[in-house]
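Beneath this line is the structure, given in structure tokens, with notes to follow.
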Amino acid sequence: MPNYKHAYHAGNHADVLKHVCLIYFIKSIKNSYNSILYIDTHAGSGYYDLNNEYIQKNKEHQTGIEKMLSFTTNDPYLRFYLKTINNINKSNKLKFYPGSPKIIQYLTDKIDELYFYELHTNEFRLLKNKFLKNSNIKIINEDGFKFPSKIKIKKQKKGIILIDPSYEEKDDHEKVINLINKNYEQLENKIIIIWYPMINRSDTNDFIDGFKKTGIQNILRIEMPIQNDNEEINMTGSGLLVFNAHIKTKQSLRGTIIELQKCLQLKENKKKVIVNYLR
């Protein structure tokens, strides 16, 4: 049984990047389709009280959402992200940080199909209790890597699949690559978002190379380093691989990620963002 607890990391710089991009893709797809499918393979507990002892232990939200609150920006996607966070909190004062499930619930409708996977027993219970009244949301206490064999996915239905394991298990990188490689044909009509941490540059490059070897085309790579590469530090940034994004996504998101990095990076950082297709 996994012992990872996302509350230690809730609202950090990696969460902000992931959720800014997730909101962008949900908003864009909902503008074109009435009903969508959404699958979250590692959902966590839904949302997090920032006064919780786990969050206060590391205070990682100070590297992310807390910086964003004092950041002035005209970028429409960052402004919409902050508006979404405020609306979920029902105030301009930040008390809760919403995980992906809460953000998705806020941005979707009752006609949308939502599947939240969470293997950790305690996190699953918290997640289930938060969405008891939502008949269109299925909370599943199973390994999210196995979703293709568990859910009957209509190929023609538009949707988004978020794959964001903790990568604390040694084979998580390989599992993610194998999941896509074996099931891409079934999922090729969906926007697939894979989150990954940037800890060891060599490991990150190996992960990226694993997708290049699949032969799948048009994979958009988004990376936001907040400090220079340093193997003594746990995470120097994070990234996303996005499959089947609209052709204009690179152009429309690049400025947003650059602006986001300006807010969240440390002063000494010299690493630039990456928003490019894999070659």
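None of the figures in this text is laboratory data; all of them are computed from the coordinates on show. All of these numbers come straight from a predicted model, not from anything done at the bench. Virtual Cβ from ideal backbone geometry, glycine too; neighbours counted across all protein chains shown.
Among the GluC sites (Glu not before Pro) in the stretch 191-254, which ones are in a DSSP loop with at most 13 other Cβ atoms within 10 Å of the Cβ? Mind listing them?
231, 232
Lys/Arg Cβ at +1, Asp/Glu Cβ at -1, dipole of the stretch 6-277 taken about the Cα centre: which of 205, 215, 153 is farthest positive-ward?
With unit charges placed on the Cβ atoms, the residue in question is 153.
In square nanometres and to one decimal, what's the mean projected area of the convex hull around the Cα atoms of the chain?
Mean projected area of the Cα convex hull: 14.0 nm².
Could you size up the charge dipole of the chain around its Cα centre, putting +1 on the beta carbon of Lys and Arg and -1 on that of Asp and Glu, and report it in debye to the nearest 20?
With Lys and Arg at +1 and Asp and Glu at -1, about 1160 debye.
List the residues whose amide H sits under 5 Å from the amide H of residue 115, counting only those 5 or more places along or on another chain, with H placed 1.01 Å from N in the peptide plane.
38, 39, 40, 138
Given an 8 Å cut-off on Cα distances and at least 6 residues of separation, report the relative contact order of the stretch 159-233 as a percent.
38
Would you list 68, 235 from fewest to most Cβ contacts within 10 Å?
235, 68
Which pairs break 26 Å Cα to Cα here: 182/212; 170/213; 27/262; 95/170; 59/267?
Exceeds cut-off: 95/170.
How high is the relative contact order of the chain, given as a whole-number percent (alpha carbon pairs under 8 Å, six or more residues apart)?
Relative contact order here is 21 percent.
Taking 8 Å as the Cα distance limit and 6 or more residues as the minimum spacing, I'd like the relative contact order of the stretch 80-146 as a percentage.
Across the stretch 80-146, relative contact order equals 29 percent.
For residue 142 and residue 174, what does the FRET efficiency come to when R0 = 25 Å and r is the distance between their Cβ atoms, rounded to the nearest 0.05?
0.80
Can you sort 69, 264, 187 by how many other beta carbons sit within 10 Å, fewest first?
Result, fewest neighbours first: 69, 187, 264.
Going by C-beta contacts inside 10 Å, put 113, 268 in order with the fewest on the left.
Final ranking by Cβ density, sparse to dense: 268, 113.
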